[in-house]
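Taking it in order: structure first as structure tokens, then the write-up.
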Amino acid sequence: MTTETRPPCLRLGCLAILALFLSACSSAVEGPGGRIGKVKYYHLMPNYQPRSQDPAILFEREHHVYGAVTKEQIMDRFGHYYTVFWKADDRSEPVTVRFEYQQALSGLSKRVQEQIVDDIRRSNISKFQITGQEYQKSGRVVAWRVSVLRGKEELVSQQSALWN
């Protein structure tokens with residue numbers, strides 16, 4: 001039986017290709033002062049009941065509708081829910097998490113929701129929702145952008161494919 005040794009450059013090349021593929025799978029965005037790990041999105045649509053046997057898919061809808069009793073209360077829960085997982089390198093000063101978005105029926109106007117975070121932890125979560133009258137009047141969200149800011153300095157940002 002013969003043993004074949006691979007040249008070191010072949011091993012190094014394979015490792016480089018593997019690292020490239022693994023980095024392409026990551027959805028995290030690095031900025032000069034922070035990182036956005038993921039933006040989780042859920043659209044609770046009227047007149048749509050998911051048909052699935054998977055309890056996790058059914059739970060998401062029930063979680064957002066929980067506590068709504070009347071038809072009006074349920075209608076106010078319909079809309080878009082965004083959860084942003086982020087980190088800041090310097091946790092000594094407060095930051096602002098800004099969520100900008102455009103809706104289908106509002107033309108080119110951009111709307112903004114902001115949260116000021118004083119107690120910055122190692123890993124942070126910010127939640128935004130476009131529901132109720134705003135969703136019923138202006139329709140679904142077609143593009144969004146989330147930024148973590150300290151004063152006027154942008155630490156990190158991530159946007160949807162349709163954001164311009």
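Within the range 152-164, the residues that satisfy the criterion of being under 21 Å from residue 93 (Cα atoms) and surrounded by 10 or more Cβ atoms within 10 Å (Cβ to Cβ) are 153, 154, 155, 156, 157. Filtered by the rule that a residue be of a type in the set (A, V, I, L, M), free of Cβ contacts under 8 Å to residues at least 24 places away in the same chain and open to solvent by 70 Å² or more (accessible area, probe 1.4 Å), the range 114-126 gives a lone residue, 116. Any residue in the range 36-51 that is at pLDDT 95 or above, on the phi > 0 side of the Ramachandran plot, open to solvent by less than 30 Å² (accessible area, probe 1.4 Å) and in contact with a Phe, Trp or Tyr (Cβ under 8 Å, 6 or more places away or on another chain)? Looking through the range 36-51, none of the residues is at pLDDT 95 or above, on the phi > 0 side of the Ramachandran plot, open to solvent by less than 30 Å² (accessible area, probe 1.4 Å) and in contact with a Phe, Trp or Tyr (Cβ under 8 Å, 6 or more places away or on another chain).
Pairs are defined by a Cβ separation below 8 Å, a sequence spacing of at least 6 or placement on different chains, a first member in the range 82-94 that is farther than 30 Å from residue 43 by Cβ, and a second member that is of a type outside the set (D, E, K, R); the pairs so defined are 89/33; 89/34; 89/155; 90/33; 91/120; 94/116; 94/117; 94/120. Report, by residue number, each residue of the range 47-63 that is under 22 Å from the mean Cα position of the chain (by Cα) and not in a helix (DSSP H, G or I). Scanning the range 47-63 gives a single hit, 50. With respect to being open to solvent by 70 Å² or more (accessible area, probe 1.4 Å), within 22 Å of residue 133 (Cβ to Cβ) and more than 18 Å from the chain's Cα centre (by Cα), residue 66 fits the description. Inspection of the range 97-113 identifies no residue that is under 19 Å from residue 38 (Cα atoms), open to solvent by less than 90 Å² (accessible area, probe 1.4 Å) and not in a strand (DSSP E or B). Counting residues in the range 127-145 that are open to solvent by less than 30 Å² (accessible area, probe 1.4 Å), touching a Leu at 6+ places or on another chain (Cβ under 9 Å) and assigned to a loop (DSSP other than H, G, I, E, B) gives one or more.
Scanning the range 69-96 for residues that are under 16 Å from residue 128 (Cβ atoms) and open to solvent by less than 50 Å² (accessible area, probe 1.4 Å) returns 78, 79, 80, 81, 82, 83, 84, 86, 95, 96.
The values are calculated or read from the model by the stated rules, or taken from the named source; none is laboratory data. Only a predicted model underlies this, so the values are computations on that prediction, with no experimental measurement involved. Neighbour counts run over all protein chains shown; Cβ positions are idealised from the backbone, glycine included. Just the protein is used for accessible areas: all its heavy atoms, side chains included, with ligands, DNA and RNA removed. Shrake-Rupley method; radii C 1.70, N 1.55, O 1.52, S 1.80 Å.
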